[in-house]
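Some notes on the structure that comes next.
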Amino acid sequence: MSLGLAPSRPSAWPQWVVGERALIRFRRAKGDKTLDVALQPETRAALSAYLEWGRPALIAHSPTETGSTDDPGWVFLSAGAGEPRPLTMNALSLMLTRRYHAGGGTLRTFGSHRIRHATATLLVNNGMPLEEVSRYLGHSSTDVTRRYAQQTPDALGRRAADALARAGLVAS
């Protein structure tokens with residue numbers, strides 16, 4: 001089942017993999033690589049609830065022009081325009097921005113790319129090696145990841161202090 005997001009490169013969008021591990025599988029357009037990302041329990045529960053109740057309600061209340069309520073096969077559907085359609089990138093960005101502002105965020109826009117940058121930064125600043133972060137994000141080289149993941153002064157200071165302590169140069 002496709003997640004139903006309608007980007008310029010449909011093959012790059014994830015597919016929902018239901019099972020014991022609850023994964024989302026991303027198939028990238030570049031190099032035809034895949035990445036499985038495990039879902040947190042809260043995310044799995046929210047997606048499961050949507051798939052069980054929310055999505056069927058959208059399909060039932062959005063008959064096509066022919067009156068059919070056939071399942072179009074996308075996971076995330078647009079609630080507008082009558083006929084079920086895949087959720088667009090603009091709609092996703094708008095939803096993320098609205099949730100971000102409702103939570104007190106002050107940046108003008110907040111989309112999935114900001115989340116990607118923040119995730120890379122958090123992983124690097126919490127000790128995940130740059131090479132692993134690069135593979136996790138599907139980058140072909142760590143140069144791209146370096147632009148995403150900004151090391152904070154606090155994280156650099158902590159890592160330097162730890163390294164000096166391990167070398168026996170300062171007390172830990």
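The values are calculated or read from the model by the stated rules, or taken from the named source; none is laboratory data. Small disclaimer: the values here were computed from a predicted structure and weren't measured. Cβ: placed from backbone, ideal geometry, glycine included. Neighbour counts: every protein chain shown.
Some notes on this structure:
- Options Arg99, Arg108, Arg114; residue that is within 19 Å of the chain's Cα centre (by Cα), of a type in the set (Lys, Arg) and at pLDDT below 85: Arg114
- Within the stretch 137-171, the set of residues being surrounded by 11 or more Cβ atoms within 10 Å (Cβ to Cβ) and part of a loop (DSSP other than H, G, I, E, B) comprises Gly138, His139, Ser140, Ala149, Gln150, Gln151, Thr152, Val170.
- Selected residue (only one of Leu123, Leu77, Leu92 is in contact with an Asp or Glu (Cβ under 9 Å, 6 or more places away or on another chain) and among the aliphatic types (A, V, I, L, M)): Leu123
- Checked against (1) under 19 Å from the mean Cα position of the chain (by Cα); (2) within 30 Å of Ala57 (Cβ to Cβ); (3) not in a helix (DSSP H, G or I), Ser93 passes all but a single condition, namely (3).
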